[in-house]
Each structure stands twice: as structure tokens, then as C-alpha cells.
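To start, the structure under review is shown below, and the notes come after it.
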Amino acid sequence: MLLEILTYPNPELLKVSAPVTSFDQNLHTLLDNMSETMYEANGIGLAAPQVGQKIRAFIVDIATEEDDEKRLYEFVNPVISEGSGSITFEEGCLSVPGFSEEVKRKEHIRVDFFDRFGKPQILEASGLLAVAIQHENDHLDGVLFVDRLSPIRKRMAKKKLSKAVTL
Ligand code: QAP
Ligand code: CO
């Protein structure tokens, strides 16, 4: 089932999400619907709060069209640690359609998380995958990539976005 993606400036996107407590069929159905919604929207990442569910879960699939197979990662109650290096990437967001800006993040990260069955997992990620995980993890804390810009570029971005919604 396709889900509705909340878009900027919806205040729900600015709230902090709560940890997942039961790894049940409800969670599995939500994750399945999220991946269907992400692929349909040509996204590479989607967090539960973007579809109105304020729980700490997100999905990422950075496979491009040239890549044959999909590699869907599901993260529940993730904790990012041991960040190193830095990488600048032009980011977009399904909740901020039609807008992109360069954001600087950690190049290498370690993520401790749970899979959909509640089994603890550890992933070491670099490059685009690390960028995507940090971007999606921010959604769980109500942070959008626009908030990661320098104060000047943030002001320019908000001005541009406020025009886009009123037009
Ligand atoms: C987050 O972003 C991300 O404006 C996922 O018109 C971004 O899937 C992770 C999208 C960059 C890593 C690097 C945005 C699709 C999708 C748009 C997305 C649009 C259509 C964004
Ligand atoms: Co996003």
C-alpha cells in the first residue's frame, strides 16, 4: 500500500520519534509499505515520521538504476557512533521535493540497530550509504537536511522554500 509522504513545512516533521517497542506484524507492514512508497517516489531513503509514524525506523536503498539488484536496508532504533572523516554530498529529501543542497557529514560511521525481528545488528557504512543513514536518522530527531546548512545558506533555502509553497 502506498503511503502519503508529509512535506515541508509540516510541523510533524520536526518532532522527535519514539523507540520501537514491539517487532510485530504492524511494524513489518509499515516497513513493507514504506519501501513500496519509497521506490514509487524514486527515493533512496525514507523514515517512518515522513509517513506520519513517529517511531524510530527508516529504510535505505542506494542502488542506482545501473545496479541490477535492490539492496534494501531496514533500521529500527538505530544509534550512530564512531563517525570519522567528512563527505559533502548534494542531498534532497522526499519531504522537501524539488530542492537540493550540499550537506557535509561524516564519511564513515558505525550503526547499531535492530532488524525488523528485533535482532541486534551492527553495520559499518561509508560514502553515500553513510550519508543516507545520517540523513534518515536525522528525521527520527525532527531534523531536516535544510537545518544542516550554514546559517546563510539555511536562510536562502528557507526563503526559496517559503516561496515554493505559496506559489
Ligand atoms: C535522502 O532522499 C538522501 O526533490 C533520501 O523531486 C539524499 O530519496 C540520502 C527525491 C541524498 C542520501 C543522499 C527528492 C525524489 C528523493 C526530490 C531522497 C525529488 C524526487 C530524495
Ligand atoms: Co529526508
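The values are calculated or read from the model by the stated rules, or taken from the named source; none is laboratory data. None of the values given here were measured: they were computed from a predicted structure. Because the Cβ atoms are built from the backbone with ideal geometry, glycine has one as well, and the counts that use them run over all protein chains shown. Please note that ligands, DNA and RNA were not included when accessible areas were found on the heavy atoms of the full protein model with its side chains. Shrake-Rupley method; radii C 1.70, N 1.55, O 1.52, S 1.80 Å.
Suppose we keep only residues that are assigned to a helix (DSSP H, G or I) and open to solvent by 70 Å² or more (accessible area, probe 1.4 Å) within the stretch 13-36. Which one would you say is farthest from ASP61 (Cα to Cα)?
Among those that are assigned to a helix (DSSP H, G or I) and open to solvent by 70 Å² or more (accessible area, probe 1.4 Å), it is LEU14.
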Notebook entry, point to check: Among (1) within 23 Å of TYR39 (Cβ to Cβ); (2) open to solvent by 40 Å² or more (accessible area, probe 1.4 Å); (3) more than 16 Å from ligand 1 (Cβ to nearest atom); (4) in contact (Cβ under 8 Å) with a residue 12 or more places away in the chain, where does VAL76 come up short?
Noted result: (2)
Notebook entry, point to check: In the stretch 88-132, what count of residues is obtained for those that are open to solvent by 60 Å² or more (accessible area, probe 1.4 Å) and near ligand 1 (Cβ under 9 Å from one of its atoms)?
Noted result: 4
